[in-house]
Structures are given as structure tokens and as C-alpha cells.
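Here the structure is laid out as C-alpha cells; the discussion comes afterwards.
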Amino acid sequence: MVKKLVLLLLIGLLLPGVSYSGKYRQPAYITNVYFCNSPQRADGFVQPDTVFNKLRANDPSVVAHVVINLVADKGTHEISMDILDAKGKPFDALKFSPIEADSDEWTYTATGRFGGSLPSGGVFFKVYDSHDKKNREILGTFRLMTAEW
């Protein structure tokens, strides 16, 4: 009797977690983001040459790459990114070619080049996905520091 009661109690504790997990449901998830000078291919994977979290602001010669590792559901994904200043105003964007995920938990790496005279106060990258031609959903927002030196 005690074993049954403990089992029922454990099942009862798990049920709210199962229903609550739907809140986090997205068509794709970002598993890693990094900024580097130039991504390299090694053994079929994209690897950074040098990873950084800060760039020089207001320098027109700045060039960098963003690398995003994703896990996606089956279907067609259109990944895009708005690049915003510290006030949230978009000043650039990246749009990636549509990708076709053959199955759930499909992995994909997107790389994009950006640069130029970046504003001081930080640069924000808002990543979106449009899955199977549905509305764009925000997958995440990331920040890269910018400063003058």
C-alpha cells in the first residue's frame, strides 16, 4: 500500500511539469552562440578560430562572424536575425537560406558575417525562425559588447 501511495505521489508531482513544459515549445532551440573572426570547418563541423565577446565600436574596418548551433523540429526553417543597437533600434539584419530538417532534433549550424562601424553600448542579436511558413518566432536574444579603445 505504501509503495502504491509513493508511486501515485511521484506521478502527481510529474504531471504539472509535463503540462508546463509546453510553455517552452519552439520549432528550434539555440544550443550555442559564439562570435569569432572566421569560422573554420574541421571534421564536418564549424569551429571558431578565436572566440570573443567584445568588438571595437565606431571602427568601419571591424568584421566578425556569428555562429549559431541549433536543434530543430522536422520541417522547413527560415532562420533570420535582427541586429540592434543598445536602444533596441535595428540597424542590420541577417537572413539565412531555408533549411529542411529531415527529422526532429535535427542539428544545424548557421554562420553570418557582420561588421562596419558598430555603435557603442553593445550590439544585440535577436534570432527568429519561421517554421513551415508560419509566423516568425523569437528563438533568443544575444549581446556582444562594443567599446571604444
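The values are calculated or read from the model by the stated rules, or taken from the named source; none is laboratory data. Remember, predicted model here, so these are calculated numbers, not experimental data. So basically every Cβ, Gly included, is an ideal-geometry build from the backbone, and we count neighbours across all protein chains shown. When the accessible area is computed, the model is the full protein with side chains, heavy atoms only, and any ligands, DNA or RNA have been set aside. Shrake-Rupley method; radii C 1.70, N 1.55, O 1.52, S 1.80 Å.
With labels modelled as points extended 7 Å from the Cα through the Cβ direction, what inter-label distance (nm, one decimal) is found for Trp149 paired with Arg25?
Inter-label distance under the simple model: 4.6 nm.
Per Stokes-Einstein, at 20 °C and 1.002 mPa s, what whole-number D in µm² s⁻¹ belongs to segment 32-96, with the Kirkwood radius over Cα pairs as the hydrodynamic radius?
Rounded, D is 153 µm²/s.
What FRET efficiency would be calculated for the residue pair Asn69, Phe91, taking the C-beta separation as r and a Förster radius of 30 Å, to the nearest 0.05?
Once rounded, the FRET efficiency stands at 0.75.
Just to confirm my numbers, what's the Cα centroid distance between segment 59-74 and segment 76-96 in Å?
Segment 59-74 and segment 76-96 have Cα centres spaced 11 Å from each other.
Label 7 Å along Cα→Cβ of Thr111; segment 37-73 residues with amide nitrogen under 13 Å?
Within reach of a label on Thr111, which here means backbone N under 13 Å from a point 7 Å along Cα→Cβ, segment 37-73 contributes 37-51, 64-69.
Quick one: what Rg and Dmax do you get for segment 17-149 from the alpha carbons, in Å?
15.7, 50
Keeping all protein chains in place and using 1.4 angstrom, which order do Glu78, Glu100, Glu105, Glu137 fall into by accessible surface area, from largest down?
Glu105, Glu100, Glu137, Glu78
With a 10 Å radius around each residue's Cβ, average the other Cβ atoms per peptide and rank 32-43, 56-67, 121-132, highest first.
My ranking of the peptides, most packed first, is 121-132, 56-67, 32-43.
Can you sort Trp149, Trp106 by 1.4 Å-probe accessible area, starting with the largest?
Trp149, Trp106
If you plug each phi of segment 120-133 into the Karplus form 6.51 cos²θ - 1.76 cosθ + 1.60 with θ = phi - 60°, what whole-Hz ³J(HN,Hα) values come out, in order, with x for Gly and Pro?
Karplus-based 3J(HN,Hα) across segment 120-133 equals 6, x, x, 10, 10, 10, 9, 9, 10, 9, 10, 9, 6, 6 Hz.
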